[in-house]
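Here it is, the structure in full.
The values are calculated or read from the model by the stated rules, or taken from the named source; none is laboratory data. Please read all numbers here as calculations on a predicted model, not as lab measurements. Ideal geometry is used to build each Cβ from the backbone, glycine not excepted, and the neighbour counts take in all protein chains shown. Just the protein is used for accessible areas: all its heavy atoms, side chains included, with ligands, DNA and RNA removed. Shrake-Rupley method; radii C 1.70, N 1.55, O 1.52, S 1.80 Å.
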Amino acid sequence: MRVDAVVLDVDGVLVDVANSYRRAAVETVERLTGGTVEPATLQALKDAGGFNNDWVLTDALCLFVLARRAGYGADADGYAAAIAERGGGLAGARAALADALGEAAAEVEANWDPERVRAVFQQLYLGSDGYRELESREPDLDVPGYLNDEPVLVEPGTLRRLADGFALGVLTGRPADEADLALDRVGLDLPDDLVLTMDDDPPEKPAPDGLVQLAERLDAGAVAFAGDTLDDVRTAVAAGRADPSRTYHGVGVLTGGLTGADGRAAFEAAGADAVVDSVNDLPELLEPASAGRRTDPGPERTAEPDPERTAANVARRRRFGFVMAGLWFVALVVAAVGTPPDALSQLVALVPLLVLATGLAYVAVYRLGW
């Protein structure tokens with residue numbers, strides 16, 4: 001398979017999230033509904049499509065448990081099929097339950113609180129301390145978090161070989177801070193414009209917009225997109241239709257919820273151009289199509305970084321931004337009040353003040369530990 005660029009999903013490709021995101025989804029349902037869902041139910045909804053966002057997936061799982069209590073008769077596979085028939089995602093889930101339950105669907109939705117779903121999910125995933133740091137909210141659960149239960153799937157040599165031969169990008173449904181944590185952990189350091197996350201607000205996969213944007217930024221004529229869900233493959237198929245000037249290859253990776261012969265068959269049925277057992281098989285599958293733009297993944301790492309340190313780095317960068325913004329504001333006020341009113345004088349006074357403010361912010365956060 002000849003390509004200029006490789007775009008990677010994160011969850012189930014670079015890191016294993018079976019005991020983090022997926023565990024947080026199952027436990028959120030248990031805490032909020034008192035019911036249980038099997039991992040197979042979660043995977044059935046993923047396969048139905050439209051559940052790239054795990055908060056939304058957890059919403060649909062909560063609705064399923066509540067609906068079953070209200071008399072909904074379908075099992076997990078039937079629920080997933082009904083969702084797929086109605087276009088997938090949370091809208092498909094709500095439509096399926098409304099059609100099946102009629103007026104009783106309103107009572108089901110009255111017992112569902114999506115804001116609480118997100119709050120519980122994030123606390124379970126990030127832990128109480130991580131939730132306080134990254135969400136800037138006070139937690140009401142005392143939990144350690146599943147964030148650290150994400151084994152790295154990609155080998156450092158794989159990233160090095162991919163970066164040597166291809167331009168690299170990342171397309172993930174994670175929030176930006178959580179994507180940073182995962183990429184820090186695996187040792188992949190890319191420019192911000194080559195990492196598209198939930199915070200960049202592209203339409204969710206399988207919409208092709210995010211993948212097409214990355215292909216444009218990578219200046220690539222042919223792109224391989226490697227992901228662990230059917231929606232990842234569907235995204236590549238949709239991108240090929242939306243952007244016929246380029247070639248898009250969907251590559252299914254069997255280290256997420258889809259595994260073995262059944263997973264391979266499901267990927268192929270969704271339109272995958274190739275299916276690999278692991279992301280580490282990509283260098284053998286792909287060949288460079290042209291010179292293209294290269295991206296350096298950073299120095300090769302031989303040891304996995306401390307997850308607590310990567311979380312602290314993200315929080316520290318955010319504090320630095322806040323402190324620097326405050327000091328810049330002070331500098332602007334001083335320049336405006338303490339110099340003659342002409343623009344040139346104020347500009348001459350402002351430049352050294354901004355430099356001083358930036359230096360003070362760096363010392364305060366990185367040296368004094370504010």
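Only residues that are among the hydrophobic types (A, V, I, L, M, F, W, C) and open to solvent by less than 20 Å² (accessible area, probe 1.4 Å): list them for segment 256-271, please.
Applying the first criterion (among the hydrophobic types (A, V, I, L, M, F, W, C)) to segment 256-271 yields 258, 261, 265-267, 269-270.
If the condition is that a residue be among the hydrophobic types (A, V, I, L, M, F, W, C) and open to solvent by less than 20 Å² (accessible area, probe 1.4 Å), then Leu258, Phe267 are the ones that fit.
Here is a further query. Could you look through segment 194-210, keep only residues that are open to solvent by 60 Å² or more (accessible area, probe 1.4 Å) and modelled with pLDDT under 95, and pick out the one that is nearest to Leu282 (Cα to Cα)? Before you say what the answer is, go through the steps one by one.
Our first condition is that a residue be open to solvent by 60 Å² or more (accessible area, probe 1.4 Å); within segment 194-210, this holds for 199-201, 203-204, 209.
Okay, now just the ones that are also modelled with pLDDT under 95, so 199-201, 203-204.
On the way: Asp199: 28, Asp200: 27, Asp201: 28, Pro203: 27, Glu204: 25 Å.
Per the stated criteria, the residue is Glu204.
So, one more: For segment 55-77, give me each residue that is in contact with a Leu (Cβ under 9 Å, 6 or more places away or on another chain) and among the charged types (D, E, K, R).
Asp59
Something else about it: Tell me which residues, restricted to segment 40-55, are open to solvent by 30 Å² or more (accessible area, probe 1.4 Å) and either without any contact (Cβ under 8 Å) to a residue 40 or more places away in the chain or of a type in the set (Asp, Glu) (or both). Even if it seems obvious, please write down each step before you answer.
Our first condition is that a residue be open to solvent by 30 Å² or more (accessible area, probe 1.4 Å); within segment 40-55, this holds for 40, 47, 52, 55.
Those that are open to solvent by 30 Å² or more (accessible area, probe 1.4 Å) and either without any contact (Cβ under 8 Å) to a residue 40 or more places away in the chain or of a type in the set (Asp, Glu) (or both): Ala40, Asp47.
Here's a follow-up. Would you check which residues across segment 58-101 are at positive phi and open to solvent by 40 Å² or more (accessible area, probe 1.4 Å) and list them? Break it down into steps so the answer makes sense when it comes.
Here is the first cut: in segment 58-101, the residues at positive phi are 71, 87-89.
Selection gives Gly71, Gly87.
Something else now. For segment 168-176, state whether one or more residues are assigned to a helix (DSSP H, G or I) and not small (Gly, Ala, Ser). Full working, then the answer.
Just the residues of segment 168-176 that are assigned to a helix (DSSP H, G or I), to begin with: 176.
Then drop every residue that is not not small (Gly, Ala, Ser), which leaves none.
Checked segment 168-176: no residue is assigned to a helix (DSSP H, G or I) and not small (Gly, Ala, Ser).
The conditions are (1) in contact with a Leu (Cβ under 6 Å, 6 or more places away or on another chain); (2) open to solvent by 10 Å² or more (accessible area, probe 1.4 Å); (3) among the hydrophobic types (A, V, I, L, M, F, W, C); (4) modelled with pLDDT of 95 or more, and Val152 fails exactly one of them. Which is it?
(1)
Among Ala325, Ala303, which is the only one that is outside any helix (DSSP H, G or I), open to solvent by 40 Å² or more (accessible area, probe 1.4 Å) and modelled with pLDDT under 95? If you could, list the steps in order and put the result at the bottom.
Working: Ala325 fails: outside any helix (DSSP H, G or I).
When all the criteria are applied, what remains is Ala303.
Give the residues of segment 145-161 that are within 18 Å of Ala182 (Cα to Cα) and not in a loop (DSSP other than H, G, I, E, B), sorted by residue number. Spell out how you get there, then give the answer.
Step one: of segment 145-161, the residues within 18 Å of Ala182 (Cα to Cα) are 145-160.
Residues satisfying the conditions are Val152, Pro156, Gly157, Thr158, Leu159, Arg160.
Give the residues of segment 211-255 that are charged (D, E, K, R), in contact with a helix residue (DSSP H, G or I) (Cβ under 7 Å, 6 or more places away or on another chain) and either buried (at least 23 other Cβ atoms within 10 Å of the Cβ) or over 25 Å from Leu45 (Cα atoms) (or both), sorted by residue number. Don't jump to the end; show me each part of the working.
Step one: of segment 211-255, the residues charged (D, E, K, R) are 216-217, 219, 228, 231-232, 234, 241, 243, 246.
Okay, now just the ones that are also in contact with a helix residue (DSSP H, G or I) (Cβ under 7 Å, 6 or more places away or on another chain), so 217, 234, 243, 246.
Passing the criteria: Arg217, Asp243, Arg246.
Would you call Gly130 closer than 30 Å to Val223 by Cβ and in contact (Cβ under 8 Å) with a residue 24 or more places away in the chain? Give the steps one after another, and end with the answer.
Values: closer than 30 Å to Val223 by Cβ: no; in contact (Cβ under 8 Å) with a residue 24 or more places away in the chain: yes.
No; evaluated as a whole, the condition is false for this residue.
Kindly state which helices (runs of 4 or more DSSP H) lie completely within segment 181-300 and contain at least 2 residues that are under 21 Å from Ala163 (Cα atoms) and among the charged types (D, E, K, R).
Values: elements: 209-217, 230-242, 260-270, 282-285.
Ranges flagged: 209-217.
Which residues, counting only those in segment 117-140, are charged (D, E, K, R) and open to solvent by less than 80 Å² (accessible area, probe 1.4 Å)?
The answer is Arg118, Glu135.
Val170: in contact with a strand residue (DSSP E or B) (Cβ under 7 Å, 6 or more places away or on another chain) and of a type in the set (Val, Ile, Thr), yes or no? First the steps, then the outcome.
On the way: in contact with a strand residue (DSSP E or B) (Cβ under 7 Å, 6 or more places away or on another chain): yes; of a type in the set (Val, Ile, Thr): yes.
Against the criterion (in contact with a strand residue (DSSP E or B) (Cβ under 7 Å, 6 or more places away or on another chain) and of a type in the set (Val, Ile, Thr)), Val170 qualifies.
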